[in-house]
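Participant: Handing you a structure now.
The values are calculated or read from the model by the stated rules, or taken from the named source; none is laboratory data. All values reported here derive from a predicted model rather than from experimental measurement. So basically every Cβ, Gly included, is an ideal-geometry build from the backbone, and we count neighbours across all protein chains shown.
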Amino acid sequence: MTATLPPESAPESAPEPVSGRPARPLGPRLTRVGLFVFVAVAFVWGFSGLDASFERLRTAPGDAWQIVRLMWPPDFATEIDRGVIGKVLESVYIAWVGTVIAATLSLPLAFLASNNISPSFIRLPIRQLFNVIRAVPELIVAVVLLGVVPLGPWAGALAIGLHSIGTLGKLASEEIESADHGPVEAVEACGGTFVSRVRWGVLPQVMPQITSYWLFRFEINVRASAVLGMIGAGGVGSELIAQLNFRNFPEVGAVLIITIAVVVFIDTVSSAIRKRIIAGGNAGDPSRTAEMLRDLVGRRASRL
């Protein structure tokens, strides 16, 4: 038998749920729509100035595949006889010399461009110099230098070095500005001079990251040096453009494959070294050495 509660003792009914959520603000949605329309209009405007048609876009994959077929099989024997390995290595040492020039000149300039090191009347002109250097591509710098220095690898190395000063200097100055001021104050409290504060208070903090920037720039410069060879500034680019002019596609395929293999190898080694520099570690520690080798070859440290 079921007991029936009197009307006065029955539980109160639960409150009715609020129907619907508050209306979403209209401002962010209008902003997103406006940005989408702006990007779409800018794309259509830019595409209309390319003198490209949808018919050309439709046939482009087929044309590219036809060129790839002409490159196969690559003629490695002919290119090795023509010394392509030496030209690829020439591109590498052009990039290396250019990176060393840029690193050497950009580091003191970066200190002069930092707001926690230099006064404004020194800092602002140096920063504008970095902006001007970065605004000029290395290809244009090489063309200008061809009228000053002889045609060849030295012109390419100078172009890469001068152009890289702007990027490396800006990155290094930002790293110096973000350094902790505590060590600087500690050196100052001990009676350290300005040079001592920079040497012992700032450099130990920023050099690992700045060194990784140098290595990363070297990776970029290896690819840039191959492009500079197309205008006679040394490197493998001159061999590539020569074979393209004569439509020797098997030789072109061999040059591209060798160049890509060398660039990928350098990128992999440089990436592993940069990772180790940023993460830190003791070079004499076997576990750290095994970890670096794992970064290079992709094997687990426990297997080494």
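Participant: Which condition number does GLU8 fail, the rest of (1) at pLDDT 75 or above; (2) loosely packed, with under 10 Cβ neighbours inside 10 Å; (3) not in a loop (DSSP other than H, G, I, E, B) being met?
Facilitator: Condition (1) is where GLU8 drops out.
Participant: Can you tell which of VAL222, VAL227 is closer than 28 Å to LEU89 by Cα, of a type in the set (A, V, I, L, M, F, W, C) and buried (at least 22 other Cβ atoms within 10 Å of the Cβ)? Don't jump to the end; show me each part of the working.
Facilitator: On the way: VAL227 fails: buried (at least 22 other Cβ atoms within 10 Å of the Cβ).
The conditions single out VAL222.
Participant: Right, something else. Within segment 23-81, restricting attention to residues that are aromatic (Phe, Trp, Tyr) and touching a residue at least 60 places away in the same chain (Cβ under 8 Å), which residue is nearest to GLY253 (Cα to Cα)?
Facilitator: First pass over segment 23-81, keeping only residues aromatic (Phe, Trp, Tyr): 36, 38, 43, 45, 47, 54, 65, 72, 76.
In the following step, the residues that additionally are touching a residue at least 60 places away in the same chain (Cβ under 8 Å) were identified as 72, 76.
Numbers: TRP72: 7, PHE76: 9 Å.
Looking at the filtered set, the residue picked out is TRP72.
Participant: Specify the residue that is farthest from the chain's Cα centre (by Cα); the eligible residues are those in segment 73-118 that are of a type in the set (Asp, Glu) and part of a helix (DSSP H, G or I). Before you say what the answer is, go through the steps one by one.
Facilitator: In the first step, residues of segment 73-118 are kept if they are of a type in the set (Asp, Glu); the result is 75, 79, 81, 90.
The next check asks that each one be part of a helix (DSSP H, G or I); those that pass are 79, 81, 90.
On the way: GLU79: 30, ASP81: 34, GLU90: 22 Å.
In this case the residue turns out to be ASP81.
Participant: Among helices (runs of 4 or more DSSP H) lying entirely in segment 119-177, which contain 1 or more residues that are in contact with a helix residue (DSSP H, G or I) (Cβ under 9 Å, 6 or more places away or on another chain) and polar (S, T, N, Q)?
Facilitator: Details: elements: 120-135, 138-145, 153-177.
Passing ranges, in order: 120-135, 153-177.
Participant: Also, I was wondering about something else. Here are some residues: GLU185, GLU175. Which one is buried (at least 16 other Cβ atoms within 10 Å of the Cβ) and out of contact with any Ser or Thr (no Cβ under 8 Å at 6 or more places or on another chain)?
Facilitator: Numbers: GLU185 fails: buried (at least 16 other Cβ atoms within 10 Å of the Cβ).
Result of the check over GLU185, GLU175: GLU175.
Participant: Can you tell which of ARG21, ARG29, ARG58, ARG82 is modelled with pLDDT under 85, charged (D, E, K, R) and surrounded by 10 or more Cβ atoms within 10 Å (Cβ to Cβ)? Even if it seems obvious, please write down each step before you answer.
Facilitator: On the way: ARG21 fails: surrounded by 10 or more Cβ atoms within 10 Å (Cβ to Cβ); ARG58 fails: surrounded by 10 or more Cβ atoms within 10 Å (Cβ to Cβ); ARG82 fails: modelled with pLDDT under 85.
The unique qualifying residue is ARG29.
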